[in-house]
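Engineer: A single structure is presented below for examination.
Each reported figure results from applying straightforward, stated rules to the coordinates on display, with no laboratory input. All of these numbers come straight from a predicted model, not from anything done at the bench. Heads up, the Cβs are rebuilt from the backbone with ideal geometry, glycines too, and the neighbour counts pull from every protein chain shown.
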Amino acid sequence: MKQIIDSSLPKINIFSQNGAINIRIDFYEKFSLFFKTQYLENISGQIEDILFCYKLFSKFIKEDSWCLDIGANYGRMAIIMSKLIGKNGKVICIEPSKIALKILEENLFQNNYSDYKIYNIAFGDICSEVNFVFSPTHDNGYMYNNSEDMKKSEKIPVLHKVQCVNPESFLIERYNTEELKKIKFIKIDTEGLD
């Protein structure tokens, strides 16, 4: 029996190291993408998301552009963005979870990408410190800021407080007009607050 290997499909390797799951995807001999996750459930769904987003993002993200990743989580989408924008582009990551932030930084570093900026904040219309809960077993998090929300989540501990800021004001304070014009792609995944 002859084995047929479709070279048009990405090659995927999954391995465990130091208690984390590491995934390497070789994209059509163009580049490799590495990422680490702690979320074992639905790993095939995570890989499908990456493959889908790579195809989708490549239609919109051009070389040398800047991207804004709001709710960057472990950086799967930021890594795809970094591969598409090339050496002169930039990825700005917004991630309120301190747990996800550590893995996000490691994932971007492992992919040899250096022109990124990560901010440990939340974007929203409430400009104050908010409570943030992150569930590493479900790969997500959420904010709450009032007593009704607190009552709903009494059984889940607040992992930390995070500063919530107005997105427009935050970006204008840190980047000049020419830099802001370079932002050509914005991804938002904020667990229902998008």
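Engineer: Name the residues of segment 105-127 whose amide N is less than 18 Å from a point 7 angstrom out from the Cα of LYS161 along the C-beta direction?
Structural biologist: Backbone N within reach: 120-127.
Engineer: Please give the FRET efficiency for ASP125 paired with SER16, using the beta carbon to beta carbon distance and R0 = 35 Å, rounded to the nearest 0.05.
Structural biologist: So, using R0 = 35 Å, E works out to roughly 0.30.
Engineer: Can I ask one more? Within 10 Å, count the other beta carbons around each residue, average over each peptide in 65-72, 104-111, 90-97, and list them highest first.
Structural biologist: Top to bottom by mean Cβ count within 10 Å: 90-97, 65-72, 104-111.
Engineer: Between ILE186 and LEU51, what is the label-to-label distance in nm when each label sits 7 Å out along the Cα-to-Cβ direction?
Structural biologist: Computed distance between label sites ILE186 and LEU51 equals 3.1 nm.
Engineer: Positive end of the dipole of segment 60-136, charges at C-beta (+1 Lys, Arg; -1 Asp, Glu), about the Cα centre: which of TYR113, CYS93, PHE132 has its Cα farthest in that direction?
Structural biologist: TYR113
Engineer: Here's another thing I want to ask about it. So how do 117-123, 12-18 stack up, highest first, on mean other-Cβ count within 10 Å?
Structural biologist: My ranking of the peptides, most packed first, is 117-123, 12-18.
Engineer: Of the cross-linked pairs LYS11/LYS98; LYS36/LYS87; LYS117/LYS181; LYS11/LYS62; LYS59/LYS182; LYS59/LYS161, which ones have a Cα-Cα span greater than 28 Å in the structure shown?
Structural biologist: In this structure, LYS11/LYS98; LYS59/LYS161 exceed 28 Å between Cα atoms.
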